[in-house]
Each structure stands twice: as C-alpha cells, then as structure tokens.
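Remarks on the structure that follows.
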Amino acid sequence: MQSLILTTTTRLLAALLLMFSVYSLLRGHNLPGGGFIGGLIGATAFILYTIATSVDEARTALRIDPSNLAMLGLGVAGLSGLAAGFFGQPFFTGQWLFLFQDGDSYLPISSVLFFDIGVYMAVFGGILTLVFAMEQEI
C-alpha cells in the first residue's frame with residue numbers, strides 16, 4: 001500500500017537530495033565532498049523514491065538504465081586521465097584551463113572535475129543497479 005504523504009514528501013526530499021549531491025560534487029575537488037559522496041547522496045534520493053513508489057516508477061524517473069550510467073561514468077573518469085598525456089605528463093596528472101580571464105576573475109576548469117563527474121556517475125549508477133536488482137527480487 002502506498003502512502004500519499006510518503007510519496008509527496010519523498011518527491012520534495014528527493015529533489016533536495018539531488019541538488020545537494022550536485023553541490024557536493026562541484027565542491028569536492030577543493031573541499032570535502034566530491035564524486036563519491038555526491039553519487040551516494042544522489043543514489044539515496046532514488047532509493048528513497050523507490051521505497052515510496054516502486055522500482056518501475058523510479059526507473060521511469062531516472063530515464064536511463066543505471067548500469068549504462070555506471071559504465072559511462074567509468075569511461076568519463078578514465079578519459080579524464082588522458083588529458084595529461086597531451087602535455088607530456090603522467091596519467092591522471094591534473095590539468096587546468098582558466099576561462100574568461102578578466103583581471104582577478106576567472107572560471108577554472110580541471111581534469112579533476114571531469115574525473116569527479118565520472119566517479120559520481122559510476123557510483124550513482126552502480127548503487128542504483130544493485131538496489132533496483134535487490135528490490136525486484138523482493
């Protein structure tokens with residue numbers, strides 16, 4: 001039996017958890033957080049949504065197969081290490097690109113950020129693949 005209160009509250013809480021997971025991801029390469037923690041928080045949002053509704057509704061809300069997301073994340077994380085090779089440095093050496101430099105203000109983009117995004121997707125997809133498989137067995 002599905003509870004209307006639980007379902008409604010879960011939708012709000014899942015949205016907040018997803019926003020916090022992206023915040024944690026983007027904050028992570030300079031401060032505590034990052035791809036792993038962000039992926040766990042994001043997966044928690046969908047796990048809560050699965051508990052409140054069903055696996056089928058959670059898969060529909062996700063819109064992509066979680067195992068494909070995990071594989072794509074592994075690819076992104078691996079490819080981010082190749083950026084150092086273009087500059088003759090060892091694999092996974094962080095590379096920085098500074099965009100929009102106007103005096104003291106600029107937007108730094110790094111290969112570390114792309115690695116974190118790959119880890120985020122791999123953890124997010126891996127955890128949801130596991131949870132969805134376990135939930136369908138029950």
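The values are calculated or read from the model by the stated rules, or taken from the named source; none is laboratory data. Just so it is clear, the structure is predicted and the values come from calculations on it, not from any experiment. When we count neighbours, we look across all protein chains shown, and the Cβ atoms used for this are built from the backbone with ideal geometry, even at glycine.
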* List every residue pair whose Cβ atoms sit under 7 Å apart, with the two residues 6 or more apart in sequence or on different chains, where the first one lies in the range 109-126 and is of a type in the set (Asp, Glu) and the second, anywhere, is part of a helix (DSSP H, G or I). => 116/25; 116/35
* To do: Please determine, by comparing only the residues of the range 84-138 that are closer than 30 Å to residue 65 by Cα, at pLDDT below 90 and polar (S, T, N, Q), which one is surrounded by the most Cβ atoms within 10 Å (Cβ to Cβ).
  => 111
* Can you name the residue in the range 1-48 that is crowded, with 21+ Cβ neighbours inside 10 Å and among the hydroxyl-bearing types (Ser, Thr, Tyr) and, of all such residues, is nearest to residue 127 (Cα to Cα)? -> 21
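Yes/no per residue for (1) in contact with a His (Cβ under 9 Å, 6 or more places away or on another chain); (2) under 20 Å from residue 13 (Cβ atoms):
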| residue | (1), (2) |
| --- | --- |
| 38 | no, yes |
| 60 | no, yes |
| 64 | no, no |
| 67 | no, no |
| 72 | no, no |
| 94 | yes, no |
| 98 | no, no |
| 112 | yes, no |
| 117 | no, no |
* Structure fact -> Among (1) surrounded by 13 or more Cβ atoms within 10 Å (Cβ to Cβ); (2) within 14 Å of the chain's Cα centre (by Cα), residue 68 falls short only on (1)
* What single numbered condition from (1) in contact (Cβ under 8 Å) with a residue 24 or more places away in the chain; (2) touching a helix residue (DSSP H, G or I) at 6+ places or on another chain (Cβ under 7 Å); (3) on the phi < 0 side of the Ramachandran plot fails to hold for residue 3? -> (2)
